[in-house]
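One structure is given here, and the rest of the page talks about it.
The values are calculated or read from the model by the stated rules, or taken from the named source; none is laboratory data. Owing to the predicted nature of the structure, the values given are computational and were not obtained by experimental measurement. Cβ sites come from the backbone with ideal geometry, for glycine too, and all protein chains shown count toward neighbours. For the accessible areas, the whole protein counts, side chains as well, though only heavy atoms, and no ligand, DNA or RNA atoms are used. Shrake-Rupley method; radii C 1.70, N 1.55, O 1.52, S 1.80 Å.
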Amino acid sequence: INSYIRDLFNEKKPYVARSIDNVISELLNAKQKMPFLKEVVFHDDCFSFLPLESLKYFAAKYKKHIGLPLCVMGFTPQTSTKEKVETLIDGGLYKVRMGINSGNDKTKMMYKRKLSNEKILSATKVYHSFHKKLGHLAYDFIVDNPWEASEDIIETLKLLLDIPNPYVVKIFSLKFFLGTDLYYKAVEDNLIN
């Protein structure tokens, strides 16, 4: 759906980023109102796009004022650098989920994810290098794609075999969101009406 959102906003910023101080303030408020909180989880595909200096600022503030275990769901292979992961681990990160979706180039193009398997594996090796500090590494994959052939799926399975252990696979069924290219392709191919 991300490509649809980009098209909708015609290359303008499709969101307004909140300041780190604003986020920390909200987390402080939540922590005060709910002292039973045991962790903080961000489901945010844009979180890891923040520059390293911003992540350093966040990690320092988070560690000092919040201090709860942190989980970020939404890393991408292109934003998964050793420096960013190390910075966030220092701030409290202990759980990560990264979207991979497929190991097949044709399928990745369909999802508008143009990353090579080499780049994906490079990112998984970054996480693996911290696997003793990151208690949970998860990678997302999309299944139930009606246009994928058996050999396409086999390429994804081969990629899975190359990812360093330990990790968890999160499986998501392909959904056709109204307005996306895949939605219109599914209508055109009489897969949905």
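Tell me yes or no: at least one residue of the range 140-154 is within 19 Å of E83 (Cα to Cα) and open to solvent by less than 70 Å² (accessible area, probe 1.4 Å).
First pass over the range 140-154, keeping only residues within 19 Å of E83 (Cα to Cα): none.
Looking through the range 140-154, none of the residues is within 19 Å of E83 (Cα to Cα) and open to solvent by less than 70 Å² (accessible area, probe 1.4 Å).
How many residues, within the range 55-78, are in a helix (DSSP H, G or I), at pLDDT below 95 and open to solvent by 10 Å² or more (accessible area, probe 1.4 Å)?
Let us first name the residues in the range 55-78 that are in a helix (DSSP H, G or I), namely 55-65, 77-78.
So of that shortlist, the ones also at pLDDT below 95 come out as 77-78.
This time we only want the ones that are open to solvent by 10 Å² or more (accessible area, probe 1.4 Å), so: 78.
Qualifying residue count for the region: 1.
What's the number of the only condition in (1) open to solvent by 10 Å² or more (accessible area, probe 1.4 Å); (2) on the phi < 0 side of the Ramachandran plot; (3) touching a residue at least 60 places away in the same chain (Cβ under 8 Å) that T87 fails to meet?
(3)
Within the group K185, K175, K158, K114, which residue is open to solvent by 50 Å² or more (accessible area, probe 1.4 Å), farther than 24 Å from E86 by Cβ and in contact with a Gly (Cβ under 9 Å, 6 or more places away or on another chain)?
Values: K185 fails: in contact with a Gly (Cβ under 9 Å, 6 or more places away or on another chain); K175 fails: in contact with a Gly (Cβ under 9 Å, 6 or more places away or on another chain); K114 fails: in contact with a Gly (Cβ under 9 Å, 6 or more places away or on another chain).
When all the criteria are applied, what remains is K158.
Which ones in the range 15-51 are touching a residue at least 24 places away in the same chain (Cβ under 8 Å) and exposed (fewer than 12 other Cβ atoms within 10 Å of the Cβ)?
Y15, D21, K38, E39, H43
Taking the range 3-27 as the region of interest, how many residues are within 25 Å of L93 (Cα to Cα), at pLDDT below 95 and not hydrophobic (A, V, I, L, M, F, W, C)?
Count: 3.
Quick grid of which residues meet (1) touching a strand residue (DSSP E or B) at 6+ places or on another chain (Cβ under 7 Å); (2) of a type in the set (A, V, I, L, M, F, W, C); (3) closer than 15 Å to K95 by Cα:
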{"position": "N29", "(1), (2), (3)": "no, no, no"}
{"position": "F36", "(1), (2), (3)": "no, yes, no"}
{"position": "V41", "(1), (2), (3)": "yes, yes, yes"}
{"position": "L50", "(1), (2), (3)": "no, yes, no"}
{"position": "L70", "(1), (2), (3)": "yes, yes, yes"}
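G135 fails exactly one of the following numbered conditions: (1) exposed (fewer than 12 other Cβ atoms within 10 Å of the Cβ); (2) at pLDDT below 95. What is the number of that condition?
(1)
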